[in-house]
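Read through the structure below, which is laid out as structure tokens, and then see the notes.
The values are calculated or read from the model by the stated rules, or taken from the named source; none is laboratory data. Nothing here was measured: the structure is a model prediction, and the numbers come from that model. All Cβ positions, glycine included, derive from the backbone under ideal geometry; neighbour counts span all protein chains shown.
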Amino acid sequence: MTVRRLGVGLVAAALLTPGLAACASNGTGTPGSTASPTATASGTASPSGGAPVAGDAKQALLDSTKEISSGNFRFTLAGAGSTAEGQVHQPSQSAAMKVAIGGPSSDLTMKLDLIHYKPDSWVKLELTGPAAKNLPAIKQLNLGKYQHLDQTRIKGNRSLGFDFEKVDPAGSAVLTQGITEVRSTGTGAYAGTIDVTKAAEAGSLNAATIAALGTQAKTVPFTAKVDPQGRLSELVLQLPAAGQTAAQEIRMTYSDYGAATAAQKPPADQVVEAPAELYSLFN
């Protein structure tokens, strides 16, 4: 395991960054149950049979993502042994998130504590595991303090940057646009399939992951839940096995709509300027 390889995996993972990659893990993904939709995205019965769905289920899910664009919510992302959680607060142009990649059995694990308060960003990085001891730049990376980031060097970097014009780290609005089949499975609950080839811009997937799925990418099973106000509360993708990559589940949740708070800037005595080694890790 090399720092360079982990950095590439994080780009695919982070919310931030977050398809949550398994490159830092020695384990496999956890395949979930496969949804078996019986209705097309328009809400009518599919050729395989089944009663028509009352109303337009796809439109309900498209509408469920609208409140996300207001930029005031908390979120989580999880998949393949990696997790991310945080909050977005558009009114103050701030966001905060914590990302963890890898686990106890990994050669190299990474934790990031990211704070964005436009126009500034900071990250506290922690690299651990057997391989971390052999990294020549480990002392420059594990500083135990928040590293202030040069915005010109992280522009467009989904691992370290944050775009306040696109406030959803998981890209659920993009994903729901790709729904090909959907049915209601209960009050505020849905199941179906998504053509993820149309979702390369979603933060929860990347082009390499989509390409590896081949034709399976056009019919990825999903489940979704909305809250009593019709806002998306959970979206789960069940990615099938592809090549040497095991089947895996990607789960994203949203909560506290309109009730998130502004991120807290790190104390001045806990801030240093990010060294060149940090940018090399992610670029």
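A few comments on the model shown:
- Looking only at the range 225-252, residues that are small (Gly, Ala, Ser) and part of a strand (DSSP E or B) come to 2 in all.
- Which listed residue is of a type in the set (Gly, Ala, Ser) and touching a helix residue (DSSP H, G or I) at 6+ places or on another chain (Cβ under 7 Å), from Gly188, Gly156, Gly230: Gly230
- Condition check for Ala224: within 30 Å of Pro267 (Cα to Cα) and either surrounded by 21 or more Cβ atoms within 10 Å (Cβ to Cβ) or of a type outside the set (D, E, K, R) (or both): no
- Pairs, first in a helix (DSSP H, G or I) in the range 256-283, second among the hydroxyl-bearing types (Ser, Thr, Tyr), C-beta under 7 Å, six or more apart: Gln270/Tyr146; Phe282/Ser159
- Considering the range 109-224, the qualifying helices (runs of 4 or more DSSP H), each wholly inside and each with 3 or more residues that are modelled with pLDDT under 90, run over 138-141, 207-213.
- Beta carbons closer than 8 Å, at least 6 apart along the sequence or on distinct chains, never pair a first residue in the range 134-147 that is closer than 12 Å to Pro275 by Cα with a second that is assigned to a loop (DSSP other than H, G, I, E, B) and β-branched (Val, Ile, Thr).
- The condition of being at pLDDT below 95 and surrounded by 16 or more Cβ atoms within 10 Å (Cβ to Cβ) holds for only one of Gly49, Gly27, Gly32, Gly55, that being Gly32.
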